[in-house]
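Colleague: Below are the structure tokens for one structure; questions will follow.
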Amino acid sequence: MCQFVETICIENGKPRNLSYHVQRLNLTMRTFFPESKAIGEHELLTDIPNVQGLQKARVVYDENGIAECSFAPYTIRKINSIAIVEGNDISYSWKSTDRSALMRLREKAPDYDEVIIIKNGCVTDTSYTNLCFFDGKEWLTPDTPLLRGTMRQKLLDEGIIREARILKTDLHKFQSVSLINAMMPLGELLLSL
């Protein structure tokens, strides 16, 4: 059975960007399980622990609705080195529980903490985040992401970042890269290029 997942940041007992997660979850449900009913914000997360700090909520769902929901303390991974890997055949447009294709690309650079995935010459994502590049004036995110993440979409909607075609050959033009996902806002995990 095909299962999908939403990873939601819970900050001091409150979900961050919940409407973006609900929107993506329901788009996925309509696409893969058109007979299933929509899930609302109040149904997505129940019994949120009232804990200070960051918690990671992991919501797994399928054609029958929410299959499981778990909460765990969250600490940002340390990333000091990043490699470039080619993955012209990769497809990860939907946030599936099957991350094997991403992990195969990650394993191509075992001596590095993370990888930037290049598909057909274009910069996409890392194995677990979207990317934002700073050119000294503005933040740009590739218009060729593997997955359209919720934090990425929020930053685009707010005009904080903008989409651009970023090729592998353009990477030298940027000062830094910020790895972003539901758990990490822009600037939280920043690497010099």
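The values are calculated or read from the model by the stated rules, or taken from the named source; none is laboratory data. Source: prediction; values computed, not measured. Counting neighbours? That spans all protein chains shown, and the Cβs are built from the backbone with ideal geometry, glycine included. These accessible areas exclude ligands, DNA and RNA; they are computed on the full protein's heavy atoms, side chains included. Shrake-Rupley method; radii C 1.70, N 1.55, O 1.52, S 1.80 Å.
Colleague: Based on alpha-carbon centroids, what's the gap between segment 24-63 and segment 112-159 in Å, whole number please?
Modeller: So the separation of the two Cα centres works out to 24 Å.
Colleague: Rank Arg152, Arg162, Arg99 by mean-square fluctuation in a GNM of the chain with C-alpha springs under 10 angstrom and give only the top-ranked residue.
Modeller: Answer for the Gaussian network model of the chain: Arg99.
Colleague: Of all accessible surface on segment 40-150 at a 1.4 Å probe, what whole percent is carbon and sulfur?
Modeller: Within segment 40-150, the accessible surface is 46 percent carbon and sulfur.
Colleague: Within segment 99-193, report the chymotrypsin sites (Phe, Trp or Tyr not before Pro) that DSSP leaves as loop and that have at most 16 other Cβ atoms within 10 Å.
Modeller: Passing both the DSSP loop test and the Cβ count: Tyr112.
Colleague: Still on this structure, I have one more. Before anything else, pin down the relative contact order of segment 51-116: Cα pairs under 8 Å, at least 6 apart, normalised by residue count, whole percent.
Modeller: 30 percent
Colleague: May I ask for the Rg/Rh ratio of the chain, computed from Cα atoms with Rh as the Kirkwood radius, given to two decimals?
Modeller: 0.96
Colleague: What residue among Arg148, Arg77, Arg58 shows peak mean-square fluctuation when the chain is described by a Gaussian network model with Cα springs under 10 Å?
Modeller: Arg77
Colleague: Separate question: Which residue, Gly13, Gly136, Gly87, tops the fluctuation ranking in a GNM of the chain built on C-alpha contacts under 10 Å?
Modeller: Looking only at Gly13, Gly136, Gly87, the largest GNM fluctuation is found for Gly136.
Colleague: Another question about this same structure. Mind checking the angle between helix 18-32 and the chain's longest principal axis? C-alpha axes, 0 to 90 degrees, to the nearest 10.
Modeller: Roughly 80 degrees, rounded to the nearest 10.
Colleague: Quote the relative contact order of segment 104-193 in percent (integer), defining contacts as alpha-carbon pairs under 8 Å separated by 6+ residues.
Modeller: The value is 27 percent.
Colleague: How much area per residue is accessible in segment 97-154 when the probe is 1.4 Å and only protein heavy atoms are counted (Å²)?
Modeller: For segment 97-154, the per-residue accessible area is 42 Å².
Colleague: Explain nothing, just the number: relative contact order of the chain, from Cα pairs under 8 Å at least 6 residues apart, as a whole percent.
Modeller: 19 percent
Colleague: Exposed loop sites here are GluC sites (Glu not before Pro) in DSSP loop states with at most 13 other C-beta atoms within 10 Å. What is the longest stretch of the chain lacking them?
Modeller: With GluC sites (Glu not before Pro) excluded where exposed in loops, the chain gives 36-106 as its longest stretch.
Colleague: Cα-based Rg of segment 87-193 per 2.2 N^0.38 Å, rounded to two decimals?
Modeller: 1.00
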